[in-house]
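Before any comments, here is the structure.
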Amino acid sequence: MEVLIFNNETAASEYAAQEFSKRIQHKATTVLGLATGSTPLKMYRELSLLHQSEGLDFSKVNTFNLDEYIGLSGDHPCSYKHFMNENFFNHINISESNVHLPDGMTKDVPKTCQEYEEAIKKVGGIDIQVLGIGSDGHIGFNEPTSSLSSRTRIKTLTKKTCEDNARFFNSIDEVPRHCITMGIATIMEARRIVLLAFGEAKAPAVSKMVEGPLSAMVPASILQMHPNVVVVLDRSAASKLSHHDYYYRVATNKPNWQRL
Ligand code: F6R
């Protein structure tokens, strides 16, 4: 697991955007795994700028989002579909038919989940996946105790996640209790994973993910088993890591051929 610590969220997000941009330039049909929440917002802004100023071309790119709330339609202002349109898709030249999010209004959740898995396979799997991390260590909405071999399915959100996400709603009572999320095994099949975390509130979860034991109580710790992960942090999110000095040492001594 590579750990990169930047002075601030902006520098970290620009780095992450470069990772995505380089892949898309290398392979026009890149399949992106995307996340919502506050964490990737600056990265999406940067990628939108790269499209507008340098013509970064998303026309052949496919995207799969990690999750969607059950009970919210795509045009609901708090749905993740709406969030992605507002913060990313409306600003780039992506084709609507290449955008995929679980259908939160489905009448048949297991079938929808199965079809989501099949759709990912059909385009050849996810090339690069961006992740945030919950303050309880979740990735996607795989809450603590989620099976480490889970596939896309329904999950019940913890009280803590509902509280954390209440800021996007009028009140906590409006936060749906259920979601459809890619499973942990689904996420682990992405060829490259870029996990972003910013701010002090994420520091305990980041430290458990990177330096703690592998445990279903900290779903993000499964990333220790992935062969191609980079954890991109600002100083605050990195503040509880004990091998701090080593991560800097690796970054400053990186051979040129390993750089972006
Ligand atoms: C969102 C998602 C979640 C978030 C996590 C962090 O699609 O899957 O795992 O990445 O809850 O959320 P923020 O970025 O709002 O702190």
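Quick note: the coordinates plus some simple rules give every number you see, no bench work behind them. Here the structure is a predicted model, which means the values were calculated and not measured. FYI the Cβ positions are ideal-geometry reconstructions off the backbone, even for glycines, and counts take in every protein chain you see.
Here is how the numbers come out for the structure above:
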| quantity | calculated |
| --- | --- |
| Listed pairs LYS42/LYS81; LYS122/LYS159; LYS107/LYS202 exceeding 27 Å between Cα atoms | LYS122/LYS159; LYS107/LYS202 |
| Charged-residue dipole, Cβ positions (Lys, Arg, Asp, Glu), the range 128-260 about Cα centre, Debye nearest 20 | 380 |
| Amide H partners (placed H, <5 Å) of SER215, local residues excluded | SER221, ILE222 |
| Candidates ALA166, ALA205, ALA237, ranked by Gaussian network fluctuation over the chain, Cα under 10 Å, top entry | ALA166 |
| Whole-angstrom gap from the range 47-107 to the range 190-252, using each part's C-alpha centre | 26 |
| Karplus-derived 3J(HN,Hα), 6.51/-1.76/1.60, for each residue of the range 213-230, Hz, glycine and proline x | x, 6, 7, 5, 6, 10, x, 5, 5, 4, 5, 4, 8, 8, x, 9, 10, 10 |
| For the range 148-260, with +1 on Lys and Arg beta carbons and -1 on Asp and Glu, the positive-most of THR156, SER239, MET209 along the dipole | MET209 |
| Phi to ³J(HN,Hα) by Karplus 6.51 cos²θ - 1.76 cosθ + 1.60 over the range 129-142, Hz, x for Gly, Pro | 10, 9, 10, x, 9, x, 5, 9, x, 6, 10, x, 10, 7 |
| Cleavage-rule hits, trypsin sites (Lys or Arg not before Pro), the range 192-260, DSSP coil, Cβ neighbours within 10 Å at most 12 | ARG259 |
| Summed side-chain charge close to GLY199 - residues other than GLY199 whose Cβ falls under 11 Å, Lys, Arg +1, Asp, Glu -1 | -1 |
| Sum of -39500 (n - 2.57) over DSSP H runs of 4+, divided by residues of the chain (222 nm, nearest 500) | -9500 deg cm²/dmol |
| Share antiparallel - DSSP beta bridges, the chain, percent rounded to 5 | 30 |
| Radius 14 Å from Cβ of ILE92, net charge of other residues (Lys, Arg +1; Asp, Glu -1) | -3 |
| LEU131 long-range amide H proximity, modeled H, under 5 Å | VAL194, LEU195, LEU196 |
| Among ASN98, SER21, PHE83 - extreme Cα towards positive end, dipole of the range 1-104, charges at beta-carbon | SER21 |
| Rounded to whole Hz, the Karplus (6.51, -1.76, 1.60) HN-Hα couplings of the range 233-248, x for glycine and proline | 10, 9, 4, 5, 5, 8, 5, 9, 7, 8, 9, 2, 4, 5, 5, 5 |
